[in-house]
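Below is one structure, written out as structure tokens; the observations come after it.
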Amino acid sequence: GLELSHCVGASSLGPTVPWRSGGPCKMKRVRTVFKPEQLERLEQEFLKQQYMVGTERVDLAATLHLTETQVKVWFQNRRIKWRKQSMEQKAAKLSQFGVIQPATADSTDIKDHEEDTVDVEL
């Protein structure tokens with residue numbers, strides 16, 4: 001499961017919410033710190049394929065001594081980073097040719113803007 005740290009002070013939570021399980025004490029998950037060898041292997045696998053599912057994910061998690069959830073979340077976060085970098089590179093390339101990009105192009109807008117792309121001949 002998830003590693004949990006000490007109980008967060010009740011005063012920082014505001015009023016107690018009766019439906020919240022665990023009462024007024026909220027447990028905070030500890031952020032996973034990956035070893036350099038684990039990150040290197042995860043990056044290698046990401047270069048091969050951006051989606052890791054099923055037995056491949058289970059096997060990779062076991063090999064790296066991680067949970068399947070840790071591998072799944074790492075891939076989700078890495079895809080977000082990859083899409084953001086792709087959008088930034090695309091914007092930089094378009095700006096070289098004087099094509100103006102909208103100022104608010106975040107990762108949630110990627111699919112919306114795919115049909116609106118401008119082809120620039122190099």
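How do the pairs read when you match residues in the stretch 72-96 that are among the β-branched types (Val, Ile, Thr) with residues anywhere that are open to solvent by 50 Å² or more (accessible area, probe 1.4 Å), using Cβ under 8 Å and keeping only pairs 6 or more apart or on different chains?
Partner pairs satisfying both residue conditions: Ile80/Ser107.
Within the stretch 87-104, can one find any residue that is modelled with pLDDT of 90 or more and under 16 Å from Glu43 (Cα atoms)?
No, the stretch 87-104 contains no residue that is modelled with pLDDT of 90 or more and under 16 Å from Glu43 (Cα atoms).
Could you check the stretch 43-70 and list, in sequence order, the residues that are among the aliphatic types (A, V, I, L, M), free of Cβ contacts under 8 Å to residues at least 12 places away in the same chain and open to solvent by less than 60 Å² (accessible area, probe 1.4 Å)?
The answer is Ala61, and nothing else.
The values are calculated or read from the model by the stated rules, or taken from the named source; none is laboratory data. Predicted model only: the values in this text are computed from it and were never measured. Positions of Cβ are generated from backbone atoms using ideal geometry, with glycine treated the same way; all protein chains shown enter the neighbour counts. The accessibility values were calculated without ligands, DNA or RNA, using every heavy atom of the protein model including side chains. Shrake-Rupley method; radii C 1.70, N 1.55, O 1.52, S 1.80 Å.
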